[in-house]
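To keep things clear, I will list the structure first and then write my remarks on it.
The values are calculated or read from the model by the stated rules, or taken from the named source; none is laboratory data. The structure presented is a predicted model; accordingly, all values stated were derived computationally and were not measured. Positions of Cβ are backbone-derived with ideal geometry, glycine not excepted, and every protein chain shown enters the neighbour counts.
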Amino acid sequence: MSNLDRYLHAATRENTRRSYQSAIEHFEAHWGGRLPATSDQIARYLSDHAGVLAHNTLKLRLAALGQWHQSQGFVDPTKSPLVRKVLKGIRELHPARVKQARPMQLEALEQTCDWLDRCRQAVSTINATALRASRDKALLLIGFWRGFRSDEIVRLRIENIDLAPGEGLSIYLPRSKSDRNNQGQAYRTPALSKLCPVQAYQDWLNDAEITEGPVFRGINRWGQMASLPLSPTSVLPVLRQRLKEAGVLEAEQYSSHSLRRGFANWATQQGWSLNELMEYVGWRDIQSAVRYLEASTPFETMPSNAEIVHQNMRLTEATPIVLTVELRLLKLDHKTRAERTVQKRLERFGLKAFSENVEQIEPHGYRLQLAPGHQSELDTVVEELLDRLHSIASDERYYLEAMIREPETQRQWE
């Protein structure tokens, strides 16, 4: 593999590549589609699976099909007004309530850790049973007290963690889902008098006798450890198995998000503000944080709508929302208007219809500002803007590639 190929490969996350490959296989092998596809075929594919596949799954399939066409040099049919309109209609006619993970309560966490301690102490020598108990206790406690996702837990490396016994852990993650630019982020975890993640981590390193590489690894029946980390998908079965063994009721209702939601529940009950929780866990979007609270926090301690709106206003009142927009046109008919004319129409009837403050910063790039009050409905506003832009381009017999970003949060819409 050449250096160029390695960099291109690294630009896409491994789980994204797997998801995209699965989506392409579903379109071709399961549904019988052919690539390259037309916008009509994509629209029929969506309609055939509406109400069967979740809306987010359909969006993922679209993203995969769009990426395939772009990488092969074809016009992307998923960006057509027809496809966007069908997707919008599916969302209207098939609303679905998002299933929320059951939050890990402190009592269940303590019950499980007590069980793991008994498993570890039941043997006189360090064997596979003892190693797994030590590993799983450290995994659960670090995952809970840091509010980590499963993919973040398995990416932890010993060389990226500074251990101060009796004081705390300093954890560095080179990348995460919320760190779109892969700039890395540091986290701190203090030592606790009970259910201590620092002591559990130290015990695990001592039992495993490892000094570098992945923190959490597979262990075979003979107690031999793999050199590779656990996969993100292995965290859920480990969690449910340990909960079930410890006698926690309805263990099957817990998911890999339960640790993260459980910490949000605990922190809110302890009086943490929404800002403090967002900063600690790493949420950039206030709506994401609120969804965790709605699923995990009792009614009497959950912030009211007025408090959430006030928090949101405080976060955004100082500066308006700044978006960057990149527009690229491809002529579909030689008898149409000049590209520059169509771009001006996109600017005048598209961008300026949504913002009075529009600035052209590059030949194909713009910066526009939205009022702070739009933050809570930003997704809707951006979708409407994209629909308007694509509609204008389609009427002019042009194909449009549009990319909208919010630089502050690294959110992106296409």
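So which residues in region 241-257 are under 14 Å from Thr112 (Cβ atoms) and assigned to a loop (DSSP other than H, G, I, E, B), if there are any at all? Passing the criteria: Ala246, Gly247, Val248, Leu249, Glu250, Tyr254. Residues in region 214-237 that are under 18 Å from Cys119 (Cα atoms), in contact (Cβ under 8 Å) with a residue 60 or more places away in the chain and either small (Gly, Ala, Ser) or in the same structural domain as Arg18 (by TED's automatic domain parsing) (or both): 1 in all. Screening Tyr172 against (1) closer than 21 Å to Ala133 by Cα; (2) touching a strand residue (DSSP E or B) at 6+ places or on another chain (Cβ under 6 Å) leaves a single unmet condition, (1).
Can you pull out the residues in region 380-399 that are in contact (Cβ under 8 Å) with a residue 40 or more places away in the chain, within 15 Å of Glu414 (Cα to Cα) and among the polar types (S, T, N, Q)? Within region 380-399, Ser391 is the sole residue that qualifies. Screening Leu82 on (1) under 13 Å from Ile42 (Cα atoms); (2) within 27 Å of the chain's Cα centre (by Cα) shows it passes everything except condition (2). The sole residue among Gly147, Gly184, Gly166 that is buried (at least 19 other Cβ atoms within 10 Å of the Cβ) and on the phi > 0 side of the Ramachandran plot is Gly147. Just one of (1) under 24 Å from Glu406 (Cβ atoms); (2) crowded, with 17+ Cβ neighbours inside 10 Å; (3) modelled with pLDDT of 75 or more fails for Val342. It is (1). Taken over region 87-106, the criterion of being under 24 Å from Pro36 (Cα atoms) and surrounded by 15 or more Cβ atoms within 10 Å (Cβ to Cβ) is satisfied by Leu87, Ile90. Looking across region 46-73, just one residue is of a type outside the set (Gly, Ala, Ser), over 25 Å from the mean Cα position of the chain (by Cα) and modelled with pLDDT of 90 or more, and that is Asp48.
Let's see how each residue does on (1) assigned to a strand (DSSP E or B); (2) among the polar types (S, T, N, Q); (3) surrounded by 13 or more Cβ atoms within 10 Å (Cβ to Cβ); (4) not assigned by TED's automatic domain parsing to the domain that holds Leu141:
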{"position": "Asp203", "(1), (2), (3), (4)": "no, no, yes, no"}
{"position": "Asn206", "(1), (2), (3), (4)": "no, yes, no, no"}
{"position": "Glu212", "(1), (2), (3), (4)": "no, no, no, no"}
{"position": "Leu239", "(1), (2), (3), (4)": "no, no, yes, no"}
{"position": "Leu259", "(1), (2), (3), (4)": "no, no, yes, no"}
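I need the full set of residues from region 40-86 which are surrounded by 14 or more Cβ atoms within 10 Å (Cβ to Cβ) and not in a helix (DSSP H, G or I), in order please. If the condition is that a residue be surrounded by 14 or more Cβ atoms within 10 Å (Cβ to Cβ) and not in a helix (DSSP H, G or I), then Ala50, Leu53, Ala54, Val75, Asp76, Ser80 are the ones that fit.
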